[in-house]
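Heads up: the structure comes next, in structure tokens.
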Amino acid sequence: MARTAPLASLGSLVCLVGLAGCTSANSSPSAADQAGPASTTSTAGSKAATKPATSAPAVRTSSHQPAPATSISIPPNLCAATDIAQNTADAYMGALSAGNEKEARACVFGTSVPLATTRSLLGHTAETAVYLPKQGGADGPAKFDYVGAGKSITVTVSRLSDHHTWVTGVTVHSP
């Protein structure tokens, strides 16, 4: 009966115990690793080694150092993350759907959209306000139509001198 001891993960074990120079857990195995473990064959009471045991694979070193991690900047709100008019309109309407007044107001330039208009479109806990692009409605470059919560809404987005896109107008129609 042939018996084998798993040595295939020995290279990974050497890396795990903290020896320096391990370059990758997916490094290709050495010739010794590919040959497999030593095995012993037993026939009629005599044991004969079919292959000598191999020593642990040599630890590989690399002169390549990983690049230092760069920082990731997270914008203060969804609209600050884009300069595309459609995305600005979608972020505004998405914030309204979620009932997030602060996020929606962050998309509006100054007081160009009355607070009462924004608040009238907010989704509330007791109800869901889902606003979707209106089929056959305006789809840019500056006006975007949405429907939802029994209303038809046109969002006007403008690129201002600060080079950002802002919601500068909202018109609400009830059918």
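The values are calculated or read from the model by the stated rules, or taken from the named source; none is laboratory data. As the structure is a computational prediction, the values presented were derived from the model and not from experiment. Methodologically, a virtual Cβ is constructed for each residue, glycine included, from the backbone with ideal geometry; neighbour enumeration extends over all protein chains shown. Note: accessible area is taken over every heavy atom of the protein model, side chains too, but ligands, DNA and RNA are not part of it. Shrake-Rupley method; radii C 1.70, N 1.55, O 1.52, S 1.80 Å.
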When (1) touching a helix residue (DSSP H, G or I) at 6+ places or on another chain (Cβ under 7 Å); (2) modelled with pLDDT of 80 or more; (3) not aromatic (F, W, Y) are applied to M93, the one that fails is (1)
Conditions (1) open to solvent by less than 30 Å² (accessible area, probe 1.4 Å); (2) modelled with pLDDT under 95; (3) of a type in the set (A, V, I, L, M); number of the one not met by V167: (2)
